[in-house]
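For reference, the structure discussed in these notes is given below.
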Amino acid sequence: MPERTRVLFVCLGNICRSPSAEGVFRALVREAGADWIETDSCGTGHWHIGKGPDPRAVAAARRRGIDISDLRARQFRASDLDDFDFILAMDRQNLADIRDIWHQNGGTEPELFLAYGSTAHEEVPDPYYGGDQGFEHVLDLIHDASQGLLAHIMERRR
């Protein structure tokens, strides 16, 4: 097993779901003392490159003691398939978009992030067009899946 494990979270614009997932997972990794796990996030779309997370996502994360204000949006690139050990899509459409690139390039096979969670949900809903409660629901789903993902990575390392 490689010395480092690299995890990439992917959504559409990289301003709501994937930076929230990166922030939550980064906090859990820090709590676990697993400094050998690296995190990043990106979007399949290009609209928000270089921008910070949606202010509602920042506020919702802050209410849980997580700071994601330092993150900046970037677009998914084919080289991510070789650079990351886990590529985790927030929904089926983003998974399909990444899989198209994966089928052409190989590398790490992308998967749905919530597969690591314990809820019946398969996709993290996009809270962008909804109210603040949508961001709270997203954080609940992300936290659950992040715990499962971290347990999986830790077990795999043993």
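Any read-out appearing in this document is the output of simple, stated calculations on the displayed coordinates, not a laboratory observation. Quantities reported herein were computed from a predicted structural model and do not represent experimental measurements. Cβ placement follows ideal geometry from the backbone for every residue including glycine, while neighbour counts extend to all protein chains displayed.
Distance between the 7 Å Cα→Cβ label points at R77 and R92: 3.1 nm. Just to verify a number: FRET efficiency for R99 and R63, C-beta to C-beta distance, R0 = 30 Å, to 0.05? That pair, R99 with R63, gives E of 0.30. Reported to the nearest whole Å, the Cα centre-to-centre distance from segment 111-136 to segment 23-99 is 14. Does anything in segment 11-35 have its amide N under 13 Å from the 7 Å Cα→Cβ label point of Q147, and if so which residues? Residues passing the 13 Å test: 28. Report the paramagnetic label zone for R158: residues of segment 24-60 whose backbone N is under 19 Å from a point 7 Å from Cα along the Cα-to-Cβ axis. The answer is 29, 32-37, whose backbone nitrogens lie closer than 19 Å to the label point. Projected onto planes of every orientation and averaged, the convex hull of the alpha-carbon atoms in the chain covers 8.7 nm².
Less than 5 angstrom separates the built amide H of A89 from those of V10, E111, L112, F113, all sequence-distant by 5 or more or on a different chain. Helices in the chain that qualify as membrane-span-like (whole DSSP H runs, Cα extent of at least 18 Å along the helix axis, mean Kyte-Doolittle hydropathy of 0.0 or higher) do not occur.
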